[in-house]
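Engineer: Below you will find the structure I want to go over with you.
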Amino acid sequence: WYPAEVNASIRPGWFYHKEEDGQVRSLEELLEIYYHSAGGNAGFLLNIPPTPEGLFHANDVKRLKEMGDHLRRTFSRNLLEEAELWADSCEAPHGIENVRRDGYDAYYKTEDEIRSAQIRISFPRPVSASCVVIKENILLSQRVEAFEIVRRDGPSGKEELLYSGHTVGYRKIVRFERTELSCLVIRIRDARVCPAISFIGVY
């Protein structure tokens, strides 16, 4: 895994210009950048240029608060906390329950030489969600090369594809239309070596 960083300014330019006070990026635009950078296996550096007085302009501060409020609301409660987890392959002590904690000390891993996995998340009652976060244990390298997320009607019911992608890495934030879920399945279709997942969140 190699760290990447996405740089952007909250204004058209990198430095403060009074004539740009009304050109602060919209909340929607900033979130789009955030979800494709911080949510796409990279760090996000957002430039906020200070005024000649050494302060942030009120328009910039307002937008930053809106962005912070949105992210706090979105990720305030991980629905995985009350879900039942199952995986078709795991190597002790790296069981699927380890993905509930966000860190690298404990993680889920398939048995050696198994390069695919199916993870099932079953909720005791239907929940409303629009976002899934997956993190690999990058201390062991970046491994996942293809994965998909499907909505399932019960543990063995009809399936609907919500997302299909490739890279996970440090963090992948998958967004989809808000939907009601009783069961969610994450399938790792391919990995360079046995996949090692450090965290899963459903929001």
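The values are calculated or read from the model by the stated rules, or taken from the named source; none is laboratory data. Just so it is clear, the structure is predicted and the values come from calculations on it, not from any experiment. When we count neighbours, we look across all protein chains shown, and the Cβ atoms used for this are built from the backbone with ideal geometry, even at glycine. Accessible surface areas use protein heavy atoms only, side chains included; no ligands, DNA or RNA. Shrake-Rupley method; radii C 1.70, N 1.55, O 1.52, S 1.80 Å.
Engineer: Search the range 145-191 for residues being charged (D, E, K, R) and part of a loop (DSSP other than H, G, I, E, B), and hand back the single one that is most open to solvent (accessible area, probe 1.4 Å).
Structural biologist: It comes out as 158.
Engineer: When both residues are 6+ apart or on different chains and their Cβ atoms are under 8 Å apart, which pairs have a first residue that lies in the range 136-159 and is in contact (Cβ under 8 Å) with a residue 24 or more places away in the chain, and a second that is of a type in the set (Asp, Glu) and open to solvent by less than 60 Å² (accessible area, probe 1.4 Å)?
Structural biologist: 142/136; 143/136; 144/136; 144/190; 145/190; 146/190
Engineer: Tally up the residues in the range 130-144 that are part of a strand (DSSP E or B) and touching a Lys or Arg at 6+ places or on another chain (Cβ under 7 Å), please.
Structural biologist: The total comes to 6.
Engineer: Limited to the range 20-49, what total is found for residues that are among the aliphatic types (A, V, I, L, M), in a loop (DSSP other than H, G, I, E, B) and under 14 Å from residue 9 (Cα atoms)?
Structural biologist: 2
Engineer: Residue check, residue 125 against (1) in a strand (DSSP E or B); (2) of a type outside the set (S, T, N, Q); (3) open to solvent by 30 Å² or more (accessible area, probe 1.4 Å); (4) touching an Asp or Glu at 6+ places or on another chain (Cβ under 7 Å), all met but one. Which one?
Structural biologist: (4)
Engineer: Does any residue of the range 105-113 turn out to be surrounded by fewer than 18 Cβ atoms within 10 Å (Cβ to Cβ) and under 22 Å from residue 40 (Cα atoms)?
Structural biologist: For the range 105-113, residues surrounded by fewer than 18 Cβ atoms within 10 Å (Cβ to Cβ) and under 22 Å from residue 40 (Cα atoms): absent.
Engineer: Any idea how many residues of the range 70-104 are closer than 23 Å to residue 189 by Cβ and open to solvent by less than 30 Å² (accessible area, probe 1.4 Å)?
Structural biologist: Count: 9.
Engineer: Those residues that are part of a loop (DSSP other than H, G, I, E, B) and either charged (D, E, K, R) or touching a residue at least 40 places away in the same chain (Cβ under 8 Å) (or both), I need them from the range 77-105; list them, please.
Structural biologist: 77, 78, 83, 88, 101, 102, 103, 104, 105
Engineer: Would you check if there is a residue in the range 54-75 being of a type in the set (Gly, Ala, Ser), touching a residue at least 12 places away in the same chain (Cβ under 8 Å) and on the phi < 0 side of the Ramachandran plot?
Structural biologist: no
Engineer: Do you know which of the residues in the range 1-35 that are surrounded by 14 or more Cβ atoms within 10 Å (Cβ to Cβ) and of a type outside the set (A, V, I, L, M, F, W, C) is nearest to residue 164 (Cα to Cα)?
Structural biologist: Looking at the filtered set, the residue picked out is 35.
Engineer: For the range 50-69, does any single residue satisfy the condition of being at pLDDT below 95 and open to solvent by less than 40 Å² (accessible area, probe 1.4 Å)?
Structural biologist: no
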